[in-house]
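Scroll down for the structure; my scribbles are underneath it.
The values are calculated or read from the model by the stated rules, or taken from the named source; none is laboratory data. Predicted model only: the values in this text are computed from it and were never measured. So basically every Cβ, Gly included, is an ideal-geometry build from the backbone, and we count neighbours across all protein chains shown. Accessible surface is based on the protein model in full, side chains and every heavy atom, while ligands, DNA and RNA are left aside. Shrake-Rupley method; radii C 1.70, N 1.55, O 1.52, S 1.80 Å.
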Amino acid sequence: MATATEKLSALQTAVAGLNEISENEKSGFINLVTRYLSGEAQHVEWSKIQTPTDEVVVPYDTLAPTPEDASEVKNLLDKLVVLKLNGGLGTTMGCTGPKSVIEVRDGLTFLDLIVIQIENLNSKYGSNVPLLLMNSFNTHDDTQKIIEKYQNSNIEIHTFNQSQYPRIVAEDFLPLPSKGRTDKDGWYPPGHGDVFPSLSNSGKLDALLSQGKEYVFVANSDNLGAIVDLQILHHLVQNKNEYCMEVTPKTLADVKGGTLISYEGRVQLLEIAQVPDEHVGEFKSIEKFKIFNTNNLWVNLNAVKRLVEADALKMEIIPNPKEVDGIKVLQLETAAGAAIRFFDKAIGINVPRSRFLPVKATSDLLLVQSDLYTLESGFVIRNKARTNPENPSIELGPEFKKVSNFLGRFKSIPSIVELDSLKVAGDVWFGAGVILKGKVSIVAKPDVKLEIPDGAVIADKEINGPEDL
């Protein structure tokens with residue numbers, strides 16, 4: 001069995017011969033692997049964990065109001081850059097190309113909505129907030145073509161690529177591309193923690209600083225709630241915070257997303273996997289920990305430059321085992337939220353749930369295309385007629401997984417303002433103008449085509465066949 005040193009040496013030799021990637025990517029990759037092999041896992045001592053105070057995780061409703069003077073707002077906005085993580089493909093929803101070009105509502109894609117929102121800000125205040133898209137090698141070519149349609153917009157759009165690292169073959173710890181797999185399957189993008197070095201390596205960081213930009217607002221391109229918030233920006237500028245993570249209270253549906261803790265005088269992201277087994281129950285019961293990371297992050301650009309140049313951003317490594325054509329491979333990733341502990345004056349802000357509206361599956365698409373939301377100036381706004389603060393839980397069967405199948409099975413999206421939960425499975429087709437209320441389950445029996453008629457009102461009902469309608 002090769003030792004860690006031997007593995008690393010063989011890997012370094014093989015990586016040196018990979019001509020598809022830059023020297024920066026090679027050294028970034030080797031650094032990541034070196035840290036992984038040294039086993040430098042960050043252990044959290046339970047006794048040192050402290051619940052964060054309101055100075056550390058600031059309640060949103062205590063933020064000072066946005067300045068009323070439009071010129072002050074313009075000055076604030078001129079310090080800002082919006083960066084959307086655009087490396088993901090729409091494959092889980094049955095789409096080809098970048099996920100950000102899936103149509104969300106009224107024929108508009110995620111990217112259309114993002115551009116409209118920033119354009120409106122720039123037009124209203126005379127500001128120049130640019131949009132940066134961090135692509136992966138999977139989305140770069142398509143994105144370059146797509147953004148041409150915005151060339152006459154009131155917004156500067158810049159793109160850069162996150163790193164491209166070789167997948168490691170588990171058996172002998174050598175890079176998959178050096179074994180002849182030089183197509184896309186030989187490589188991977190190493191998670192969004194890579195946003196900081198990639199911003200620097202691309203030259204975009206220095207260019208933005210030279211234009212007087214101070215803060216970057218980083219968010220997932222599929223989070224419809226991640227819009228520019230002037231109160232948050234104002235608070236960070238006033239208090240000189242280098243990093244801010246938006247957190248929001250957990251609901252029963254939220255299983256992912258770490259929480260914020262105070263640890264040895266710093267703010268830190270804690271994932272449930274880091275909690276010692278014997279303390280998990282206690283951890284879950286503590287009210288202050290019932291918040292999670294939305295991945296809406298506000299970061300000071302000068303601080304990013306300082307930390308990247310010092311090679312100080314050593315976030316926890318997430319090993320992600322995969323299989324490519326029967327070959328077991330390993331990819332090592334990092335997350336941007338875990339960087340919080342390296343920044344000075346880092347804080348969390350406990351934001352309203354409306355700032356976290358991700359579309360990860362067609363069940364989320366059903367929510368945002370329904371009467372539960374309206375679209376105003378590119379913003380997805382929740383319907384005030386919905387009295388329950390939580391959204392209905394929606395479970396759609398595999399027949400609805402792909403966007404094309406999902407759209408084909410609804411003549412129009414049902415009204416769900418008064419819905420609590422919906423479960424649909426089997427060969428189900430919805431007519432136009434259907435209204436769903438309370439708890440509804442529509443599960444077609446095997447080999448039965450179940451058509452919900454136009455205008456049907458279904459309240460607190462279980463339907464398994466036409467006889468139940």
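Tabulated data
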quantity	calculated
Number of the condition not met by Thr109 [criteria: (1) under 22 Å from the mean Cα position of the chain (by Cα); (2) without any contact (Cβ under 8 Å) to a residue 12 or more places away in the chain; (3) open to solvent by 30 Å² or more (accessible area, probe 1.4 Å)]	(3)
Residue count for the stretch 415-469, restricted to those that are open to solvent by 80 Å² or more (accessible area, probe 1.4 Å) and either among the hydroxyl-bearing types (Ser, Thr, Tyr) or in a strand (DSSP E or B) (or both)	8
Filtered residues of the stretch 264-302 (kept if outside any strand (DSSP E or B), aliphatic (A, V, I, L, M) and in contact with a strand residue (DSSP E or B) (Cβ under 7 Å, 6 or more places away or on another chain))	Leu301
The stretch 24-45 residues that are under 23 Å from Ser200 (Cβ atoms), paired with ones that are open to solvent by 60 Å² or more (accessible area, probe 1.4 Å) and of a type in the set (Asp, Glu) (beta carbon under 8 Å, 6 or more apart)	Asn31/Asp311
Hey, Ala219 of a type in the set (Gly, Ala, Ser), at pLDDT 95 or above and outside any loop (DSSP other than H, G, I, E, B) or not	yes
Selection count where residues are out of contact with any strand residue (DSSP E or B) (no Cβ under 6 Å at 6 or more places or on another chain) and either more than 15 Å from Leu83 (Cβ to Cβ) or not assigned by the TED database to the domain that holds Pro67 (or both), scope the stretch 214-228	1
Matching residues in the stretch 99-125 - criterion: being touching a Leu at 6+ places or on another chain (Cβ under 9 Å) and within 20 Å of Ala70 (Cβ to Cβ)	Ile118, Leu121, Asn122, Tyr125
So Ser153, is it buried (at least 17 other Cβ atoms within 10 Å of the Cβ), among the small types (Gly, Ala, Ser) and out of contact with any Cys (no Cβ under 6 Å at 6 or more places or on another chain)	no
Residue check, Ser412 open to solvent by less than 50 Å² (accessible area, probe 1.4 Å) and either out of contact with any Gly (no Cβ under 7 Å at 6 or more places or on another chain) or among the β-branched types (Val, Ile, Thr) (or both)	no
Options Gly203, Gly225, Gly193, Gly186: the member that is more than 30 Å from Gly378 (Cα to Cα) and in contact with a helix residue (DSSP H, G or I) (Cβ under 8 Å, 6 or more places away or on another chain)	Gly186
All positions within the stretch 349-369 that are without any contact (Cβ under 8 Å) to a residue 60 or more places away in the chain, open to solvent by 10 Å² or more (accessible area, probe 1.4 Å) and more than 19 Å from Asn86 (Cβ to Cβ)	Ser363, Leu367
Tally of residues being among the small types (Gly, Ala, Ser) and surrounded by fewer than 20 Cβ atoms within 10 Å (Cβ to Cβ) across the stretch 175-225	8
For Leu133: the one exception among (1) open to solvent by less than 10 Å² (accessible area, probe 1.4 Å); (2) over 23 Å from Ser198 (Cβ atoms)	(2)
